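Each value in this text was obtained by applying a stated rule to the coordinates, not by laboratory testing. Computed from a predicted model, the values in this text were never measured in an experiment. Cβ: placed from backbone, ideal geometry, glycine included. Neighbour counts: every protein chain shown.
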Amino acid sequence: MVAIALGGYGCTGSVQTNNFKSFTDWCLHKAKLSPDAKYTVDLLLVQAGTNDCNQANVQLSNLTTLYLNGNTIGRPGRVKSLINLDSHGFSGKRISDIRPLKYFTNLTKLDLGANEISDISPLKSLTNLSELNLAANQISDIKPLQSLTNLTNLELSGNKIANISSLQFLTNLTVLSLSSNQISDIIPLKSLKGITLLILDDNKISDITPLKSLPKLTKLGLGRNKISDISPLKKLTNLIFVTLDSNQISNISSLKFMPNLVFIGLQANPIDNKSCPVNRQTACTF
């Protein structure tokens, strides 16, 4: 768990951080950092298993996987007993300042879910990432992600995202979750030709035309939006699972062109004819 935007990033606490070149610098100046930055450094020392700044830098720089999920930080036994590190200080806290992470360029998997992150700009240097979890944070600006072109799995549910234009560059994505945000325009998604799982529930989407450009989709979540026309979905012949509940859909005849569907969630829609249009009559839930 890591990141939130702190105003005045150049000066943290009583120390200038602009010239820091590695995690070692953050560690050596830990006592003069802001409480949020210090907390992140302490968590990373826990991950490294040492209080020695140079050793920790080596350990962390070689990591390929890092889990800092806010739901697990304070669990009993999660925090090791390190000299001069108060394990009781971790319970119930969330990461907000992730600047010390920007040096760990060998990371391929990073879990920062369930924190208080708003500024994700430090992540733009982690170009080897293939899996990134940023769910349940305070993120609105995702532009820093556009440099992470090796991403295949991206979790952004439960944030404050409205503009997803930066995602058009992440053409290696196969799994993308954007549920519970403030998204209305999904045009940038049409370039993600390799997507197989796409979760867009709980947004403000009305036009799903861009989705017809995603032929590899097998699972699609569109529940609790503002959708009335689902005809663009008929191009998605590989779909096996789709949720469309709590929208404004009245006509579901387009679904008959999708022979592989095994589940269609249609609850809470003003559907005229509640007869399942696919071969598997049990696929529809009204």
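Quick rundown of the values:
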{"item": "SER253 versus ASP229: modelled label distance in nm, points set 7 Å from Cα along the beta carbon direction", "result": "1.5"}
{"item": "Members of LYS193/LYS226; LYS143/LYS274; LYS93/LYS226; LYS38/LYS124; LYS143/LYS216; LYS21/LYS190 lying beyond 32 Å, as alpha-carbon distances in this model show", "result": "LYS143/LYS274; LYS93/LYS226; LYS21/LYS190"}
{"item": "Furthest towards positive pole of dipole, THR196, LEU43, SER118, structure part the chain, Cβ charges", "result": "THR196"}
{"item": "Overall form of the chain per C-alpha gyration tensor (a/c, 1.5; a/b vs b/c)", "result": "prolate"}
{"item": "For the chain, calculated [θ]222 nm from helices alone, where every DSSP H run of n ≥ 4 adds -39500 (n - 2.57)", "result": "-3000 deg cm²/dmol"}
{"item": "For the range 14-58: rounded, prolate or oblate by the Cα gyration tensor [a/c cutoff 1.5]", "result": "oblate"}
{"item": "Between helix 35-48 and the chain: long-axis angle, C-alpha atoms, 0 to 90°, nearest 10", "result": "90"}
{"item": "Proximal charge balance of ALA135 [Cβ under 15 Å; K/R count +1, D/E count -1]", "result": "-3"}
{"item": "Within-15-Å neighbourhood charge of ILE271 [Cβ basis; K, R +1; D, E -1]", "result": "-1"}
{"item": "Sorted peptide list for 274-285, 194-205, criterion being average Cβ within 10 angstrom, highest first", "result": "194-205, 274-285"}
{"item": "Selection from LEU236, SER206, SER254, by position along the positive dipole direction of the range 194-255 (Cβ)", "result": "LEU236"}
{"item": "Within a Gaussian network of the chain (alpha carbon springs, distance under 10 Å), most fluctuating of GLY158, GLY113, GLY265", "result": "GLY265"}
{"item": "Surrounding net charge for GLN248, when Lys and Arg each add one and Asp and Glu each subtract one, Cβ distance under 10 Å", "result": "0"}
